[in-house]
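To start, the structure itself, in structure tokens.
The values are calculated or read from the model by the stated rules, or taken from the named source; none is laboratory data. None of the values given here were measured: they were computed from a predicted structure. Note that we place each Cβ from the backbone using ideal geometry, even for glycine, and neighbour counts take in every protein chain shown. These accessible areas exclude ligands, DNA and RNA; they are computed on the full protein's heavy atoms, side chains included. Shrake-Rupley method; radii C 1.70, N 1.55, O 1.52, S 1.80 Å.
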Amino acid sequence: MSRLLWTRRRFSRMAAAAALCPPLLAERRFAPASGPDVNGPNSLRAHGAAAGVLTGCAVVPELLDFDQGNASPDAEAYTRTVAEQAGILVAENAMKWSSLRPTASTYNFTPADKLFAFAAAYQQQVRGHNLCWHEQLPAWFSSVATKDNAASLLTQHIQTVAGRYAGRVHSWDVVNEAVYLQDSRPDGLRNSPWLQLIGPSYIELAFTAAAKADPHAKLTYNDYDIELDTPEQTAKRGQVLLLVRRLVARGIPIQAIGIQSHLQATGPKPGSGLLSLIREVAKLGLEVYITEMDVNTHQLEGGSDVQDAAVAEVYKSYLGMVLAEPNVKAFLTWGITDAHTWLNQIRQPWTIRPDGSRQRPLPFDDEYRPTPAFFAIRSAIDTARRPVSQPSSNAPQQPVSDPYAPFAVPGSPGTAPQPRPDGTPKPDA
Ligand code: G3I
């Protein structure tokens, strides 16, 4: 397809995608943003829609100005940027147990309801994060949850929360970060409160309950540190694939995996290992979502220009690789502006920059100006999905051997048939 024809067809698709966006801003009271016009057809949302990549970000509903008119300048800018740039939203914290469950018998849905109302008003999709996690459990949990009631506590929470938003959720992170090799379990699972109280079957219990509560949502297993070709992350990636293959082989309803993609501006880069995982889960019929991308510069010397260049390069190379894979269907950043990112909120050795300056991990800076990362993301979205016969040039070639053979699960599709104990090959299931 000639570049010009492609560009014209693409522009008409972007204009069509932008037309989908409700009459957002001009009519509604937002002051026009200064600097390059990155809204409407120029937005990440429109480019994502035109490329078939659902593009969005994590949000803090409390920062969204939704009731017209008493917005602080920051809330105004935050709301405009989220409305313009995101085709899909996820709550950074508002849908976690600690936010939703002030007491064992009550729920606080106000921030989450606001998120869904905002998304409906701006025709955005919503990801749910998360139904079962070892972190952000409410203060009452350890004194209330027991081996006898933990299973019903989990299923009731999922029925109530996923049930409340049933049919309005693109995908749920049903179980988050359950693989943790440092706990040295043969199955690689994290020795979490859920595992201690219910046992490894808590994962199947959560997915089964979520499927019942919302048959429409794509049920997702979400994890971090599975992107790099380091020995630790390769081993973790293998255990994640093993877990997913086990669930599929046992007929547990799972439709996707979430690759968080909290990347570093320095150090080893993602490569063939991640690509193999994405292709292995494709064989299982699963989609892949980039669920929480940002780029941490705590080890990078240099000022904001150095930061911006390094961060943009990571977005460019990473998205150029993963978005070329047809089963990668969504891309979300963990926040949209450096003004509200956990990397500037949480002051830990792994977030504090050598010169103490603020991190710039996201597509908009503290003043809501698009950063080089914004343009790197937008052009990566544009180029990655251009209809080309073979994966894009910077995609490492498929390694010859199946690095995940050791993680085969008998009966799991995409797994080489296991030799029978007597060594004779087992016919394909
Ligand atoms: O809401 C309380 C507030 O009432 C209190 O005054 C304040 C002071 O302690 O804490 C507030 O809670 C904080 C919460 O964020 C909301 O801001 C928690 O302390 C803080 O631990 C929590 O951090 C979140 C972290 O997950 C832990 O849940 C980060 O914002 C959030 O970005 C981060 O996101 C996780 C994903 O869910 C999973 N993957 C990794 C990612 C980064 O850690």
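Only a single item in (1) under 25 Å from GLN125 (Cβ atoms); (2) open to solvent by less than 10 Å² (accessible area, probe 1.4 Å); (3) of a type outside the set (A, V, I, L, M, F, W, C) is not met by GLN359, and it is number (1). Going through (1) open to solvent by less than 50 Å² (accessible area, probe 1.4 Å); (2) in contact with a helix residue (DSSP H, G or I) (Cβ under 9 Å, 6 or more places away or on another chain) one by one, GLU135 falls short only on (1). Only residues that are more than 12 Å from the ligand (Cβ to nearest atom) and either open to solvent by 10 Å² or more (accessible area, probe 1.4 Å) or part of a loop (DSSP other than H, G, I, E, B) (or both) were counted across the range 87-97, and they come to 1. Taking residues in the range 123-142 that are touching a residue at least 12 places away in the same chain (Cβ under 8 Å), and partners anywhere that are aromatic (Phe, Trp, Tyr) and within 12 Å of the ligand (Cβ to nearest atom), the pairs with Cβ atoms closer than 7 Å and at least 6 places apart or on different chains are GLN136/TRP97; LEU137/TRP97; PRO138/TRP97.
Taking residues in the range 151-167 that are buried (at least 17 other Cβ atoms within 10 Å of the Cβ), and partners anywhere that are hydroxyl-bearing (Ser, Thr, Tyr), the pairs with Cβ atoms closer than 9 Å and at least 6 places apart or on different chains are ALA151/SER201; ALA151/TYR202; LEU153/THR146; LEU154/TYR202; THR155/THR208; HIS157/TYR107; VAL161/TYR107; ARG164/TYR107. Do we find a residue being within 16 Å of the ligand (Cβ to nearest atom), under 21 Å from the mean Cα position of the chain (by Cα) and of a type in the set (Lys, Arg) anywhere in the range 159-173? There is no residue in the range 159-173 that is within 16 Å of the ligand (Cβ to nearest atom), under 21 Å from the mean Cα position of the chain (by Cα) and of a type in the set (Lys, Arg). Residues in the range 187-206 that are within 16 Å of the ligand (Cβ to nearest atom) and open to solvent by 20 Å² or more (accessible area, probe 1.4 Å): ARG190, PRO193.
Can you tell me which condition THR383 does not meet? The list is (1) surrounded by fewer than 23 Cβ atoms within 10 Å (Cβ to Cβ); (2) modelled with pLDDT of 95 or more; (3) assigned to a helix (DSSP H, G or I), and all the others hold. Condition (2) is where THR383 drops out.
Against the conditions (1) touching a Lys or Arg at 6+ places or on another chain (Cβ under 9 Å); (2) free of Cβ contacts under 8 Å to residues at least 40 places away in the same chain, GLU287 satisfies every one except (2).
Can you confirm whether the range 228-241 contains a residue that is open to solvent by 10 Å² or more (accessible area, probe 1.4 Å), away from the ligand (no atom under 16 Å from the Cβ), assigned to a loop (DSSP other than H, G, I, E, B) and within 26 Å of PRO268 (Cβ to Cβ)? Yes, the range 228-241 contains a residue that is open to solvent by 10 Å² or more (accessible area, probe 1.4 Å), away from the ligand (no atom under 16 Å from the Cβ), assigned to a loop (DSSP other than H, G, I, E, B) and within 26 Å of PRO268 (Cβ to Cβ).
Of all residues in the range 98-127, those satisfying the criterion of being among the small types (Gly, Ala, Ser) and within 12 Å of the ligand (Cβ to nearest atom) are SER98, SER99. When LEU343, LEU319, LEU332 are checked against the criterion of being more than 19 Å from ASN93 (Cβ to Cβ) and either of a type in the set (Asp, Glu) or open to solvent by less than 40 Å² (accessible area, probe 1.4 Å) (or both), a single residue qualifies: LEU319. Filtered by the rule that a residue be away from the ligand (no atom under 16 Å from the Cβ) and not charged (D, E, K, R), the range 207-225 gives PHE207, THR208, ALA209, ALA210, ALA211, ALA213, PRO215, HIS216, ALA217, LEU219.
State yes or no: is ALA94 at pLDDT below 85 and over 19 Å from ILE377 (Cα atoms)?
Working: at pLDDT below 85: no; over 19 Å from ILE377 (Cα atoms): yes.
For ALA94, the condition - at pLDDT below 85 and over 19 Å from ILE377 (Cα atoms) - is not met.
PRO270 falls short on exactly one of the conditions (1) buried (at least 18 other Cβ atoms within 10 Å of the Cβ); (2) farther than 15 Å from TYR318 by Cα, and that condition is (2).
Against the test of being within 21 Å of the chain's Cα centre (by Cα) and within 16 Å of the ligand (Cβ to nearest atom), the options TRP140, TRP133 yield a single qualifying residue, TRP133. Within the range 323-354, the set of residues being away from the ligand (no atom under 12 Å from the Cβ), β-branched (Val, Ile, Thr) and in contact with a Phe, Trp or Tyr (Cβ under 8 Å, 6 or more places away or on another chain) comprises VAL328, ILE336, THR337. Cβ-Cβ distances below 6 Å connect the following pairs, each with a first residue in the range 52-63 that is among the aliphatic types (A, V, I, L, M), a second residue that is in a loop (DSSP other than H, G, I, E, B) and within 12 Å of the ligand (Cβ to nearest atom), and a separation of six or more residues or different chains: ALA58/GLU92; ALA58/TRP334; ALA58/GLY335; VAL60/GLU92.
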